[in-house]
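Colleague: First the structure, then my questions, so here it is.
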Amino acid sequence: MAVIPVNIAGRPYEVRVGAGLLAELVPYCRGRLRKRGVPIITDADVYAAWGGIVEASLRDHGHEPHWRILAPGEQTKSWDELSATVNWLLELEVERGDHIVALGGGVIGDLTGFCAAILKRGCKFIQLPTTLLAQVDSSVGGKTAINTPAGKNLVGAFHQPSLVLADLSALETLPQREMLAGYAEVVKYGLIDDADFFAWCDANGAAMIAGDSALREYAVAHAVAAKARIVAEDEFETTGQRALLNLGHTFGHALEAETGFSARLLHGEAVALGMVLAARYSAHLGLMPRASAEHVAQHIGQIGLPAALAALDLDCSGADLVRHMLHDKKMDAGTLPFLLMKGIGQTYLAKDVSLDDVGTFLDAELARGG
Ligand code: NAD
Ligand code: GLY
């Protein structure tokens, strides 16, 4: 098992990565579950796959789980569900020193974390991420949020968990499409600042996705360590370090908006294609060698993720996609900071990108074949 410290000043915590953690939940929580009753929030699909194991591991140690089982899917990150879940926690008389447990993917982690951030002005929570995306990204770093009619993740708080237990066994029941979507956030760390890790992904990504357990542990632990380092340096995304984690997200967000934030395009799929577009746009600006940008596209495509706009069959223009970008929460006094690449592993934040030029570039990408 790998143990990765997240050294947030004054509130350090650890992420454990390994197989079988859910079955041994109570010992790994090391006294954090201080009462008999344990509030635990999940979704119906995760409950069906892992509820029994978690229930048994809590009861074997004298705890009584109080389950809140929500509908799977993005619509659960809503004002209504936030309000109902906070009221449920209040009825359970959860105190500030108690831990709420989140068992699931990024949807459950983000909602539970936001409940914990606001309940009694802040109580504790434990992340038990069950998707690859949640294990390598959303469960670590303390970003919590819900969606509103104005957009995704527009209301939330920074609130760090006390512990993250990433059980690799959970990935055995994860649908293949969700596994691939999570992989986009794995390879992202190579593209940001770690060319050696991108090369590792090139050599091992397919076998890791197919189920090799040693490769899975290496990939998840390496990605978590990269995220932990960045978050410890820039917890509140003020210095620009943490913003690097948004590589591919500006293009990706526009694509998610154009496809109605629906199952047509999962978040990780949008990030994958967004990273290809960021690489190609960087090459278009002469920043990155064209061959390196095509290497990124080839890797993403070979893994089974969308690597060309043609794959989405969109009926829109480049300007339509740029219009979606204007609602990005990274907009700052009329300009949109863009993550561009000088090469694989050399991502940086550019503040002088012309959105008209991005629109023209996207028109050309829309016209190009798969
Ligand atoms: P998700 O939580 O919707 O899970 C995807 C699907 O997989 C769901 O249907 C779920 O029921 C199912 N599932 C989860 N684990 C399973 C398992 N082990 N076996 C079988 N089925 C399982 O999606 P996600 O991709 O984990 O998370 C996406 C969310 O994360 C988005 O809302 C996004 O905004 C958020 N996010 C947050 C951060 C952050 O830093 N807080 C970072 C990235 C993404
Ligand atoms: N997922 C981006 C971040 O945590 O900052």
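Colleague: Are any of the residues in the range 242-256 touching a Leu at 6+ places or on another chain (Cβ under 9 Å) and free of Cβ contacts under 8 Å to residues at least 12 places away in the same chain?
Modeller: No, the range 242-256 has no match at all.
Colleague: Can you find a residue that is charged (D, E, K, R), surrounded by fewer than 19 Cβ atoms within 10 Å (Cβ to Cβ) and away from ligand 2 (no atom under 16 Å from the Cβ) anywhere in the range 156-169?
Modeller: Looking for residues that are charged (D, E, K, R), surrounded by fewer than 19 Cβ atoms within 10 Å (Cβ to Cβ) and away from ligand 2 (no atom under 16 Å from the Cβ), one finds none in the range 156-169, hence no.
Colleague: Taking ALA214 as the residue in question, decide whether it is under 18 Å from ALA184 (Cα atoms) and either open to solvent by 50 Å² or more (accessible area, probe 1.4 Å) or under 17 Å from the mean Cα position of the chain (by Cα) (or both).
Modeller: Taking the combined requirement at face value, the residue does not satisfy it.
Colleague: Only one residue in LEU277, LEU244 is assigned to a helix (DSSP H, G or I), open to solvent by less than 10 Å² (accessible area, probe 1.4 Å), modelled with pLDDT of 95 or more and under 28 Å from ASP320 (Cα atoms). Which one?
Modeller: LEU277
Colleague: For residues that are of a type in the set (A, V, I, L, M), open to solvent by less than 10 Å² (accessible area, probe 1.4 Å) and out of contact with any Gly (no Cβ under 7 Å at 6 or more places or on another chain), scanning just the range 117-149, find the one that is farthest from ligand 2 (Cβ to nearest atom). Quick ask: steps written out before the conclusion?
Modeller: Here is the first cut: in the range 117-149, the ones of a type in the set (A, V, I, L, M) are 117-119, 126, 128, 132-134, 136, 140, 145-146.
Then keep just the ones that are open to solvent by less than 10 Å² (accessible area, probe 1.4 Å); that gives 119, 126, 128, 132, 134, 136, 140, 145-146.
In the following step, the residues that additionally are out of contact with any Gly (no Cβ under 7 Å at 6 or more places or on another chain) were identified as 119, 126, 128, 140.
On the way: LEU119: 22, ILE126: 18, LEU128: 18, VAL140: 8 Å.
Applying the filter and picking the extreme gives LEU119.
Colleague: Still on this structure: Do we have GLY301 as within 23 Å of the chain's Cα centre (by Cα), modelled with pLDDT of 95 or more and open to solvent by 10 Å² or more (accessible area, probe 1.4 Å) here?
Modeller: Spelling it out, GLY301 is indeed within 23 Å of the chain's Cα centre (by Cα), modelled with pLDDT of 95 or more and open to solvent by 10 Å² or more (accessible area, probe 1.4 Å).
Colleague: Moving on. Does the range 191-203 hold any residues that are under 17 Å from ILE300 (Cα atoms) and assigned to a helix (DSSP H, G or I), and which are they?
Modeller: Filtering the range 191-203 down to residues under 17 Å from ILE300 (Cα atoms) leaves 191-192, 194-203.
Once the filter is applied, which keeps residues that are under 17 Å from ILE300 (Cα atoms) and assigned to a helix (DSSP H, G or I), the range 191-203 yields LEU191, ILE192, ALA195, ASP196, PHE197, PHE198, ALA199, TRP200, CYS201, ASP202, ALA203.
Rundown of residues vs (1) open to solvent by 20 Å² or more (accessible area, probe 1.4 Å); (2) in contact with a His (Cβ under 6 Å, 6 or more places away or on another chain); (3) among the aromatic types (Phe, Trp, Tyr); (4) away from ligand 2 (no atom under 16 Å from the Cβ), yes/no style:
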position	(1), (2), (3), (4)
LEU21	no, no, no, yes
PRO27	yes, no, no, yes
GLY52	yes, no, no, yes
PRO72	yes, no, no, yes
SER78	yes, no, no, yes
TRP88	yes, no, yes, yes
ARG96	yes, no, no, yes
ALA102	no, no, no, no
GLY106	no, no, no, no
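Colleague: Kindly establish whether ALA206 is in contact (Cβ under 8 Å) with a residue 60 or more places away in the chain, more than 15 Å from ligand 2 (Cβ to nearest atom), part of a helix (DSSP H, G or I) and open to solvent by 30 Å² or more (accessible area, probe 1.4 Å).
Modeller: Yes: the conditions hold for ALA206.
Colleague: Sort out which residues of the range 55-67 are under 23 Å from LEU90 (Cβ atoms) and in a helix (DSSP H, G or I), and write them in order of number.
Modeller: LEU58
Colleague: Considering only residues that are within 14 Å of ALA254 (Cα to Cα), at pLDDT 95 or above and open to solvent by 20 Å² or more (accessible area, probe 1.4 Å), which ones fall in the range 337-362?
Modeller: none
Colleague: Sticking with this structure for a sec: Pull out all pairs, ordered by first then second residue, where Cβ-Cβ is under 9 Å, the residues are six or more apart or on different chains, the first lies in the range 219-239 and is on the phi > 0 side of the Ramachandran plot, and the second is within 10 Å of ligand 2 (Cβ to nearest atom).
Modeller: Partner pairs satisfying both residue conditions: GLU237/LYS143; GLU237/PHE158; GLU237/ALA243; GLU237/LEU245; GLU237/ASN246.
The values are calculated or read from the model by the stated rules, or taken from the named source; none is laboratory data. Here the structure is a predicted model, which is why all the values come from computation and not from measurement. Here the Cβ is made from the backbone with ideal geometry for all residues, glycine too, and neighbour counts use every protein chain on show. Surface areas here come from the heavy atoms of the whole protein model, side chains and all, with no ligands, DNA or RNA. Shrake-Rupley method; radii C 1.70, N 1.55, O 1.52, S 1.80 Å.
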